[in-house]
Amino acid sequence: MASVTLEHIKKVYDNNVTAVHDFNLEIKDKEFVVFVGPSGCGKSTTLRMIAGLEDISGGTLKIGDRIVNDVEPKDRDIAMVFQNYALYPHITVYENMAFSLRLRKMSNEEIYKRVTQAAEILGITEYLGRKPKQLSGGQRQRVAIGRAIVRDPAVFLMDEPLSNLDAKLRNQMRAEIILLRKRVDTTFVYVTHDQTEAMTLGDRIVVMKDGFIQQVGTPQEVFDTPINLFVAGFIGSPQMNFLKARLNKEAKGYTVELLGVKIPLNQDQNAALSQKGIGTQEITLGVRPEHTSVLFEKTEHAIECTIQVNEMMGSELHLHLSSLNKDSIIVRLPTIDLTQDQRSQLAYGNKMFITFPAKVMHLFDPKTEKNLIYS
């Protein structure tokens with residue numbers, strides 16, 4: 001097993017396009033780290049540099065205590081699972097999984113032991129005699145993972161391994177990767193554009209944008225304390241609501257004012273803002289849909305909205321609202337406690353009121369896009 005250390009890693013292509021800028025990260029031994037971000041953010045390029053499939057333009061890459069910048073991929077003690085499975089179509093599942101071991105000139109007995117153990121872990125024992133074309137997408141992905149397991153590598157690298165699967169199978173395979181991680185206790189580096197995968201799989205998440213690391217933290221840390229607008233909007237589904245508001249520094253403390261409603265901040269928020277010397281200013285207010293409550297009557301601190309769309313999701317409704325100043329707001333509303341009369345009021349064009357406690361509000365500087373409290 002091994003740690004992975006990236007120190008000032010940089011990738012510049014021949015056309016002078018920089019794909020990864022000054023990437024610094026320490027991945028601990030046996031840690032599961034997920035690189036997440038939109039297409040083109042540099043996450044797969046970073047993974048491929050770890051694997052040795054892309055040259056490193058600058059910086060130092062270590063696996064364990066060994067610098068591997070110029071070490072061939074086969075000598076890095078890593079195994080990689082690709083998005084497109086990359087199985088040999090003309091040989092059986094068993095031979096696909098055994099291929100790298102035969103190259104190492106292992107005995108047939110050892111190969112049999114490793115392949116059958118991996119097949120048992122992944123539940124593909126019955127498919128060992130089949131060829132890849134006889135398998136479903138999920139079964140092929142298990143074979144690709146099994147081919148990596150048999151090598152017993154120091155580091156597992158996984159490049160969007162579930163993106164070719166349908167939604168139901170992705171959910172199933174996510175759970176299986178979580179179980180696999182418990183049985184194969186090694187270091188995992190996983191790349192995805194799906195923030196749900198990142199949240200459910202990772203010990204830590206590395207959120208990337210335009211080749212830069214935006215934030216590194218546990219899933220809970222990144223969800224609860226996003227350090228900028230990009231992270232706040234990228235993590236969470238539906239994404240965080242962003243509203244134009246004003247932060248007021250008053251004698252009794254800070255308040256957030258929007259649409260004529262003033263919401264006092266709590267003690268911790270007041271202390272953080274005061275310590276940073278932040279005064280009255282315009283802000284972007286962030287509130288997650290699940291932290292927003294719907295009211296059927298006007299109360300103190302409640303904000304009037306109009307219903308635009310009502311999406312029925314089964315256990316909850318996704319209400320798309322418009323505020324008086326035309327801000328778009330999404331609310332996740334559980335259906336279990338709604339009366340029939342209340343359901344009838346959730347129709348297009350009807351007036352509603354929303355509210356949220358101070359503790360769930362995120363305050364962003366519109367110019368720097370930084371979180372005024374957590375950054």
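Readers should treat all values here as calculations from the given coordinates under stated rules, not as data from a laboratory. Predicted model, so just to flag it, every value in this text is computed and none were measured. Don't worry about glycine lacking a Cβ; one is built from the backbone with ideal geometry, like all the others, and counts go over all protein chains shown.
Think of the chain as having a plus end and a minus end, set by charges on the Cβ of Lys, Arg, Asp and Glu; of P161, F188, L101, L101 sits farthest toward the positive end of this dipole. Among the trypsin sites (Lys or Arg not before Pro) in segment 244-318, those located in a DSSP loop and surrounded by at most 14 other Cβ atoms within 10 Å of their own Cβ are K252, K276, K298.
Which of the residue pairs K43/K182; K30/K133; K249/K326 have a Cα-Cα distance greater than 29 Å in the structure shown?
As for pairs spanning more than 29 Å Cα to Cα, those are K30/K133.
The magnitude of the dipole of the chain, with charges of +1 and -1 set on the Cβ of Lys/Arg and Asp/Glu and taken from the Cα centre, is near 520 debye.
Strictly over 32 Å apart at the Cα level, which of K74/K209; K62/K209; K209/K252; K131/K209 would you flag in this model? Let's see the in-between values first.
Numbers: K74/K209 30 Å; K62/K209 23 Å; K209/K252 39 Å; K131/K209 39 Å.
Over 32 Å apart, Cα to Cα: K209/K252; K131/K209.
Ordering T200, T187, T299 from the fewest to the most neighbouring beta carbons within 10 Å gives T299, T200, T187.
Mean residue ellipticity, 222 nm, helices only, the chain: the sum of -39500 (n - 2.57) across DSSP H runs of n ≥ 4, divided by residue count and rounded to 500, is -7500 deg cm²/dmol.
Structural descriptor for the chain: relative contact order 15 percent, calculated from alpha carbon pairs under 8 angstrom and at least 6 residues apart. Counting only aspartates and glutamates at least 8 places from K370 when in the same chain, those with an alpha carbon closer than 14 Å to its own are E282.
Within the chain, the whole DSSP H helices whose Cα atoms reach 20 Å or more along their own axis and whose mean Kyte-Doolittle score is at least -1.0 are 108-122, 167-183. Ordering M313, A79, T18 by Cα displacement along the dipole of the chain toward the positive end leaves A79 in first place; charges were set at the Cβ atoms of Lys, Arg (+1) and Asp, Glu (-1).
Take every Cα pair under 8 Å in segment 26-71 that's 6+ residues apart, average their separations, divide by the length, and report that relative contact order as a whole percent.
RCO, segment 26-71: 19 percent.
Looking at the chain, the DSSP beta bridges with both ends there are about 75 percent antiparallel. Which label belongs to the value computed from this structure, given these candidates for mean projected area of the Cα convex hull in nm²: (1) 23.2; (2) 19.4; (3) 18.0? Only one option fits the structure, namely (1).
Peptides 326-335, 100-109, 63-72 ordered by packing proxy, namely the average of other Cβ atoms within 10 Å per residue, highest first: 326-335, 63-72, 100-109.
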